[in-house]
Amino acid sequence: MRLKLIYVCGFLLSIHYASIVYLNSSLLSKFVSGSSLNIIYAIGSAGSILMLFLTPFLFRKLGNVYSFLFFIIAEAFIVFGIGSTELGILILGLFLIYQSLESVLYFCLDIALEEETKKEGSTGGRRGLFLTAQNIAWVCAPLALALLVDDSNFKNVYYLSSLALIPVFLIILPFFKNTKFRDGHTSHALLVFHSLLKGGDKTRTIICQFLLNAFYAWMVIYLPLVLSNEMGFSWHTIGIILSIMLLPFLLFELPAGLLADKKFGEKEMLTIGFSVMALSTFVIPFIHSSNWVVWAIVLFITRMGASLVEISNESYFFKHVKAHDTGIISIFRMLRPFAYMIVPLITIPIVSSFSYSASFAFLAILPALGLAFLPKIDTK
């Protein structure tokens, strides 16, 4: 019962996040220039890393469920506030707080799922179901752009994002027992990070996850600007393109997770995934067609590769950790905000010298690097 509720929470949390993630850069660009936009993302992501360092401490003091409920309430009010105001300085401030809390919510769900996962042989399948529940939301949420955005007025989408957290609160409160983590079972994130520097397959998995998240960060920040500013697509069309682009996560991750458990190891799928990502992303700067179908097809292929990398890497990682390994799970979830902190900084000279679309030729380097950091020991 609780495992199914975790899947429902994953779906709702992804509705919350996915409905606005591709809007944020366009909203912020109304108030800041390109280089300042990068800095805003970097600062918010640094705040997220700090919060993930503090979260295991809050779990020990307040308990996992009470901490989760607090973050849900805070996040809901912040996103509602972003949609309710047109004051630039207030929007920027609220966005920084929102960026700081987003990864913490997923971290809390990771802990809940690990507590419900007893057999490591089923990790790929259960992770596949967990990700599939989220991916249904990722495919559906961009349609909100087509239905709710009116003349670049984004407030209704932010209201939808905020409201999606209410049922998450109502599920967590009665159905999940609050517990505190024992100090002896909790690894400090800094000590875990030091151990990862020694190398090994866990380190390789961490690097692959960072490269995947850096790919996502680059896409989230710059793809909407390419589609709206450079190609001139309406938000109605962009919403359709994004929904088609994200379909591979819904179509391929669950089968890939099951195959990783039953037949193949994760290493083969990582190889295919990174290769497809690199080749298809490199094509993007050479697309000059104003036909939205062409863009949808190429972006669909990029996510075919990313979906294989995501489920294979998550499955491999969570087969090697337990629910009490909050330190290393925290490091794993820090990779998303860390990517959002690093990518805007390294892209400042790139987007200053080239167009947004041309920058994707440089993005193709990241998944190509992933091929050099595949785990040496496969699970099959």
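The values are calculated or read from the model by the stated rules, or taken from the named source; none is laboratory data. What you see is a predicted model; the values in this text were computed from it and never measured. Quick reminder, even Gly has a Cβ in these numbers, built from the backbone with ideal geometry, and neighbours come from all protein chains shown.
Select from the stretch 198-234 the residues that are hydroxyl-bearing (Ser, Thr, Tyr) and assigned to a helix (DSSP H, G or I) and write down the one among them that is modelled with the lowest pLDDT. Quick ask: steps written out before the conclusion?
The initial filter retains those residues of the stretch 198-234 that are hydroxyl-bearing (Ser, Thr, Tyr), namely 203, 205, 216, 222, 228, 234.
This time we only want the ones that are assigned to a helix (DSSP H, G or I), so: 203, 205, 216, 222, 228.
Details: Thr203: 81, Thr205: 88, Tyr216: 96, Tyr222: 94, Ser228: 91.
Restricting to residues being hydroxyl-bearing (Ser, Thr, Tyr) and assigned to a helix (DSSP H, G or I), the top hit is Thr203.
So, in the stretch 139-172, of the ones that are assigned to a helix (DSSP H, G or I) and modelled with pLDDT under 85, which residue ends up nearest to Met304 (Cα to Cα)? Spell out how you get there, then give the answer.
Pass one, the stretch 139-172, residues assigned to a helix (DSSP H, G or I): 139-140, 143-148, 155-163, 165-172.
In the following step, the residues that additionally are modelled with pLDDT under 85 were identified as 143-148.
Numbers: Leu143: 20, Ala144: 23, Leu145: 23, Ala146: 23, Leu147: 26, Leu148: 28 Å.
Here the answer is Leu143.
Can you tell me how many residues within the stretch 48-89 are of a type outside the set (A, V, I, L, M, F, W, C), surrounded by fewer than 19 Cβ atoms within 10 Å (Cβ to Cβ), in a helix (DSSP H, G or I) and at pLDDT 90 or above? If you could, list the steps in order and put the result at the bottom.
Of the residues in the stretch 48-89, the ones of a type outside the set (A, V, I, L, M, F, W, C) are 48, 55-56, 60-61, 63-64, 66-67, 75, 81, 83-86, 88.
Subset that is surrounded by fewer than 19 Cβ atoms within 10 Å (Cβ to Cβ): 60-61, 63, 66, 81, 84-86, 88.
Next, only the ones that are in a helix (DSSP H, G or I) stay: 60-61, 66, 81, 84, 88.
Narrowing the set further to residues that are at pLDDT 90 or above leaves 81, 84, 88.
Qualifying residue count, the stretch 48-89: 3.
Would you say Thr326 is modelled with pLDDT under 95, on the phi < 0 side of the Ramachandran plot and within 20 Å of the chain's Cα centre (by Cα)? Break it down into steps so the answer makes sense when it comes.
Values: modelled with pLDDT under 95: yes; on the phi < 0 side of the Ramachandran plot: yes; within 20 Å of the chain's Cα centre (by Cα): yes.
Spelling it out, Thr326 is indeed modelled with pLDDT under 95, on the phi < 0 side of the Ramachandran plot and within 20 Å of the chain's Cα centre (by Cα).
Return yes when Thr237 is part of a helix (DSSP H, G or I) and touching a His at 6+ places or on another chain (Cβ under 9 Å) and no when it is not. Walk me through how you get there before you give the answer.
Numbers: part of a helix (DSSP H, G or I): yes; touching a His at 6+ places or on another chain (Cβ under 9 Å): no.
So Thr237 fails the test.
Select from the stretch 274-305 the residues that are in a helix (DSSP H, G or I) and β-branched (Val, Ile, Thr) and list them in ascending order.
Quick first cut of the stretch 274-305, residues in a helix (DSSP H, G or I) only: 274-286, 292-305.
Within the stretch 274-305, Val276, Thr281, Val283, Ile284, Val293, Val294, Ile297, Val298, Ile301, Thr302 qualify.
So that you can scan it fast, the table gives a plain yes or no per residue for (1) touching a Leu at 6+ places or on another chain (Cβ under 9 Å); (2) aliphatic (A, V, I, L, M); (3) over 23 Å from Ser355 (Cα atoms); (4) modelled with pLDDT under 90:
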| residue | (1), (2), (3), (4) |
| --- | --- |
| Ala260 | no, yes, yes, yes |
| Gly265 | no, no, yes, yes |
| Met269 | yes, yes, yes, yes |
| Phe282 | yes, no, no, no |
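Among the residues of the stretch 356-377, which ones are modelled with pLDDT under 90 and surrounded by fewer than 16 Cβ atoms within 10 Å (Cβ to Cβ)?
Result: Lys376, Ile377.
Kindly indicate whether any position in the stretch 65-84 is closer than 30 Å to Phe354 by Cα and in contact (Cβ under 8 Å) with a residue 40 or more places away in the chain. Please lay out each step first, then the result.
Let us first name the residues in the stretch 65-84 that are closer than 30 Å to Phe354 by Cα, namely none.
For the stretch 65-84, residues closer than 30 Å to Phe354 by Cα and in contact (Cβ under 8 Å) with a residue 40 or more places away in the chain: absent.
Which of the residues spanning the stretch 140-155 are within 23 Å of Gly88 (Cα to Cα), more than 19 Å from the chain's Cα centre (by Cα) and surrounded by 15 or more Cβ atoms within 10 Å (Cβ to Cβ)?
Matches in the stretch 140-155: Leu148, Val149, Phe154, Lys155.
Looking at the stretch 120-138 only, could you name the residues that are surrounded by fewer than 21 Cβ atoms within 10 Å (Cβ to Cβ), closer than 16 Å to Gly10 by Cβ and either of a type in the set (Asp, Glu) or at pLDDT 80 or above (or both)?
Hit for the stretch 120-138 is Ile136, nothing else.
Any residue in the stretch 273-298 that's farther than 28 Å from Ala372 by Cα: show its pairings with residues that are assigned to a helix (DSSP H, G or I) at Cβ separation under 6 Å, as long as the two are six or more apart or on different chains.
Pairs found: Trp292/Thr237; Trp292/Ile241; Trp295/Ile241; Ala296/Ile241; Ala296/Ile244.
Which of the following residues is among the aromatic types (Phe, Trp, Tyr), within 30 Å of Ile39 (Cα to Cα) and surrounded by fewer than 23 Cβ atoms within 10 Å (Cβ to Cβ): Phe215, Phe233?
Details: Phe215 fails: surrounded by fewer than 23 Cβ atoms within 10 Å (Cβ to Cβ).
Being among the aromatic types (Phe, Trp, Tyr), within 30 Å of Ile39 (Cα to Cα) and surrounded by fewer than 23 Cβ atoms within 10 Å (Cβ to Cβ) holds for just one of Phe215, Phe233, which is Phe233.
So, in the stretch 280-303, how many residues would count as being within 22 Å of the chain's Cα centre (by Cα) and surrounded by fewer than 19 Cβ atoms within 10 Å (Cβ to Cβ)?
6
Can you say whether Leu335 is in contact with a Gly (Cβ under 8 Å, 6 or more places away or on another chain), under 30 Å from Glu115 (Cα atoms) and either buried (at least 21 other Cβ atoms within 10 Å of the Cβ) or of a type in the set (Val, Ile, Thr) (or both), as far as the supplied structure shows? Working first, answer last.
Values: in contact with a Gly (Cβ under 8 Å, 6 or more places away or on another chain): no; under 30 Å from Glu115 (Cα atoms): yes; either buried (at least 21 other Cβ atoms within 10 Å of the Cβ) or of a type in the set (Val, Ile, Thr) (or both): yes.
Criteria not met by Leu335.
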